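Shown next, in structure tokens, is the structure this report addresses.
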Amino acid sequence: MTEIFGVPTQALFGQLLIGLINGSFYALLSLGLAVIFGLLNIINFTHGAQYMMGAFVAYLLTAKLGLGYWWSLAIVPLIVGATGIVIERLMLSKLYKLDHLYGLLLTFGLALIIQGLFRNEYGTSGLPYSMPEALSGGHNLGFMFLPNYRAWVIVASLIVCGATWFIIEKTKLGSYLRAATENPALVQAFGINVPRMITLTYGFGVALAAFAGVMAAPIYQVSPQMGADLIIVVFAVVVIGGMGSILGSILTGFSLGVVEGLTKVFYPEASNTVIFVIMAIVLMIKPAGLFGAQK
Amino acid sequence: MPREQKIALAVMAALFALAPLAVYPVFLMKAMCFALFACAFNLLIGFGGLLSFGHAMFLGTAGYAAAHAAKVWGFQPQFAILFGTACAALLGLVTGLIAIRRQGIYFAMTTLALSQMIYFFYLQTPFTHGEDGIQAVPRGMLFGVIDLSNVWAMYITVFVIFIAGFLLTYRVIHSPFGQVLKAIRENEPRAISLGYDVNRYKLLAYLLSATLAGAAGATKALVFQLASLTDVHWSMSGEVVLMTLLGGLGTVFGPVAGAFIVITMENYLAQIGAWVTISEGVIFVICVLAFRRGVIGELGGWLKKAL
């Protein structure tokens, strides 16, 4: 068997793949956080719970209605996004004039409620969610075995991230959005319905989290706690990247996933903490984050 | 100290002094430890405007350090508590230097991430015994003469530590240092232009808060004779935010009241499992949407006095 730095290539590429998968989720989730933060100035602590809801709704659609993975992928973001819109209208919209920290506290409380409710109903043990037929199996690339579903996750999240970037940076809608981020009052004066745009933006960010949740369901088990620890890592990713740039969020997400995967190969004890250590170092050297602008 | 605060202090001290006649003392000791923890947290957010979402790391670190010192090294309880507190202070210095480089929401996220890192460290390092925690920590002989396994001796010790910590935070808040902190909270650029080294003030506030949180954690470890991962977990950080928010951010007595309410609630809801989390979440939402001054803040507003 061939080795690189004393590590079998199989193990190395295997962990790289896992790193890329994790990176896909970091990228999707931090992208959602960045989009929401850009317009609402709120850090959405509920993001992890909404990711978990995505996985659970997919599970329930299959269990109760017999709808498969592909249906879920299309419907679940709409359903969970709609709950996000309700949350924004009923609660978050009351907070825009206050200190931003209240948004963080409110969404933290919501995350506790949602996770608690699901835990009451389904317990803490994970529920299995089967992979779609079309994506089972895999390919042998010679140096490693690549399961089809994992390849799909990476490609799909790249496409979704790319599409989000395109919408925000290259379309007219996106330019409204960026303008409203800079100066909402002026954009409103031009006759654009800014409150509705804010509502839809929150719904979109939540839908991204739910989309990630559906994609995660066949890989990780569906459980009420699946988003709780993940969101803290995503926060660290966001601090490292800085939320100023869409492309920055995507790039930081993927590369930190890979770094984490490589740490698992070379120094497994640190694999849980490596992202936090990187965060501390980045804060010391470049406090605004790699892609952020210091305000 | 204004008259109404003197009265409130006397009432609070009397309540904690007399309550063990009617209420289970271990429960009260737990409440006092958390009250001190919440006071420490309030020093940072209520007066410095810095929301730390990782304060559990200080509570837990001090707990582990004190428990290890008392059990493995055979420290006397006062030295175990001092050692635990010193460890929390050291951790406060290191994490403070990193965290104060960002403000507002980023500060909250950074402290949360740092405390998660500490959590994983304790999960893996052998001296904490992982999921089991450090169990059967001896309470020992205070100053070599007072046997703390007697519940009343322990109660008085906790009471003294709590009142001393409380008075210390009071003193800090009302010192020139505390006034500068408030100025920074209200208008940071202005404070800078007045010539204050803002980062040094923030770091000192953070350090003080970490130290007091450590004192609470070390004491708690001796009371329960246990140091476990629960005290380092992010949900503990969330809990202290809840206590302070519910009692009233930036009030003197709010954190104590908030801690007492939350601990009582947990005590009664503990039998029905996940409902504790759900009700905590609901309180968060209600406090943020409708009740931002908290219990003591509302009471003070009603009496037109600062409590």
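Comparison of B:Leu307, B:Leu299 shows that the only residue that is part of a loop (DSSP other than H, G, I, E, B) and either facing chain A (nearest Cβ under 10 Å) or among the aliphatic types (A, V, I, L, M) (or both) is B:Leu307.
Residues in the range B:269-296 that are at the interface with chain A (Cβ under 9 Å from one of its Cβ atoms) and aromatic (Phe, Trp, Tyr) were compared, and the one that is farthest from B:Ile45 (Cα to Cα) is B:Trp275.
For the range A:57-87, which positions are crowded, with 24+ Cβ neighbours inside 10 Å and under 17 Å from A:Ile36 (Cβ atoms)? Hits for the range A:57-87 are A:Pro77, A:Val80, A:Gly84.
Annotation: of all residues in the range A:96-123 being more than 14 Å from B:Gly281 (Cα to Cα) and among the hydrophobic types (A, V, I, L, M, F, W, C), the one that is farthest from the chain's Cα centre (by Cα) is A:Leu98.
Residue by residue, here is whether (1) under 16 Å from the mean Cα position of the chain (by Cα); (2) in a helix (DSSP H, G or I); (3) closer than 13 Å to B:Thr211 by Cα; (4) modelled with pLDDT under 95 holds:
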| site | (1), (2), (3), (4) |
| --- | --- |
| B:Leu43 | yes, yes, yes, yes |
| B:Phe58 | yes, yes, yes, no |
| B:His68 | no, yes, no, yes |
| B:Gly74 | no, no, no, yes |
| B:Gln78 | no, yes, no, yes |
| B:Ile81 | yes, yes, yes, yes |
| B:Ala88 | yes, yes, yes, no |
| B:Leu91 | yes, yes, yes, no |
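Based on this model, can you work out whether B:Gly140 counts as surrounded by 16 or more Cβ atoms within 10 Å (Cβ to Cβ), small (Gly, Ala, Ser) and within 13 Å of chain A (Cβ to nearest Cβ)? No, not satisfied. For the range B:244-260, the criterion of being within 14 Å of chain A (Cβ to nearest Cβ) and closer than 23 Å to B:Gly63 by Cα is satisfied by at least one residue.
Among the residues of the range A:40-94, those identified as closer than 24 Å to B:Cys287 by Cβ and among the β-branched types (Val, Ile, Thr) are A:Ile42, A:Ile43, A:Thr46, A:Thr83, A:Ile85, A:Val86, A:Ile87. Among all positions in the range A:148-166, there is no residue which is more than 17 Å from A:Gly253 (Cα to Cα) and in a strand (DSSP E or B).
Quick one: count up the residues across the range A:94-146 that are away from chain B (no Cβ under 11 Å), among the small types (Gly, Ala, Ser) and not in a loop (DSSP other than H, G, I, E, B). Walk me through how you get there before you give the answer.
Initial filter on the range A:94-146 (away from chain B (no Cβ under 11 Å)): A:96-97, A:125-146.
Next, from what is left, pick out any that are among the small types (Gly, Ala, Ser): A:125-126, A:130, A:134, A:136-138, A:142.
Filter again for not in a loop (DSSP other than H, G, I, E, B), leaving A:134, A:138.
Adding up the residues that qualify gives 2.
Within the range A:112-157, the only residue that satisfies the criterion of being loosely packed, with under 12 Cβ neighbours inside 10 Å and touching a strand residue (DSSP E or B) at 6+ places or on another chain (Cβ under 7 Å) is A:His139. Considering every residue within the range A:158-173, establish whether at least one is in contact with an Asp or Glu (Cβ under 9 Å, 6 or more places away or on another chain), surrounded by fewer than 17 Cβ atoms within 10 Å (Cβ to Cβ) and away from chain B (no Cβ under 14 Å). No, there is no match, as no residue in the range A:158-173 is in contact with an Asp or Glu (Cβ under 9 Å, 6 or more places away or on another chain), surrounded by fewer than 17 Cβ atoms within 10 Å (Cβ to Cβ) and away from chain B (no Cβ under 14 Å). I'd like the residue in the range B:70-125 that is aromatic (Phe, Trp, Tyr) and without any contact (Cβ under 8 Å) to a residue 12 or more places away in the chain and, out of all such residues, is farthest from the other protein chains (Cβ to nearest Cβ). It comes out as B:Phe79.
Evaluation of B:Tyr196 against the conditions (1) touching a residue at least 24 places away in the same chain (Cβ under 8 Å); (2) on the phi < 0 side of the Ramachandran plot shows that the sole unmet condition is (1).
All conditions in (1) closer than 27 Å to B:Val23 by Cα; (2) away from chain A (no Cβ under 12 Å); (3) buried (at least 16 other Cβ atoms within 10 Å of the Cβ) hold for B:Glu239, with the sole exception of (2).
Given A:Val282, A:Val234, A:Val265, which one is modelled with pLDDT of 90 or more, in a helix (DSSP H, G or I) and of a type in the set (A, V, I, L, M, F, W, C)?
Result of the check over A:Val282, A:Val234, A:Val265: A:Val234.
Checking each residue in the range B:251-275 for being under 20 Å from the mean Cα position of the chain (by Cα) and without any contact (Cβ under 8 Å) to a residue 24 or more places away in the chain picks out B:Met265, B:Glu266.
Scanning the range A:224-246 for residues that are under 13 Å from B:Leu114 (Cα atoms) and either out of contact with any Gly (no Cβ under 9 Å at 6 or more places or on another chain) or polar (S, T, N, Q) (or both) yields A:Val233, A:Phe235, A:Ala236. Summed over the range B:126-137, the residues that are touching a residue at least 40 places away in the same chain (Cβ under 8 Å) and within 12 Å of chain A (Cβ to nearest Cβ) give a count of 0.
Condition first: more than 12 Å from chain A (Cβ to nearest Cβ), out of contact with any Asp or Glu (no Cβ under 6 Å at 6 or more places or on another chain) and at positive phi. Can you find one or more residues in the range B:216-223 that meet it? No, the range B:216-223 contains no residue that is more than 12 Å from chain A (Cβ to nearest Cβ), out of contact with any Asp or Glu (no Cβ under 6 Å at 6 or more places or on another chain) and at positive phi.
What's the number of the condition B:Leu43 fails, among (1) crowded, with 19+ Cβ neighbours inside 10 Å; (2) of a type in the set (A, V, I, L, M); (3) within 30 Å of B:Ser149 (Cβ to Cβ)? Looking at each condition in turn, B:Leu43 falls short on (3). Any chance you could count how many residues in the range A:237-271 are under 27 Å from A:Gly205 (Cβ atoms) and either of a type outside the set (Ser, Thr, Tyr) or within 9 Å of chain B (Cβ to nearest Cβ) (or both)? Adding up the residues that qualify gives 21. Take B:Ile173 and decide whether it is crowded, with 21+ Cβ neighbours inside 10 Å, among the hydrophobic types (A, V, I, L, M, F, W, C) and either within 24 Å of B:Ala89 (Cβ to Cβ) or free of Cβ contacts under 8 Å to residues at least 60 places away in the same chain (or both). No: the conditions fail for B:Ile173. All conditions in (1) in a helix (DSSP H, G or I); (2) more than 13 Å from chain A (Cβ to nearest Cβ); (3) buried (at least 23 other Cβ atoms within 10 Å of the Cβ) hold for B:Thr264, with the sole exception of (3).
The values are calculated or read from the model by the stated rules, or taken from the named source; none is laboratory data. Fair warning: this is a prediction, and the values are worked out from it, not measured in the lab. A quick note on method: Cβ atoms are made from the backbone with ideal geometry, for glycine too, and the neighbour counts reach across all protein chains shown.
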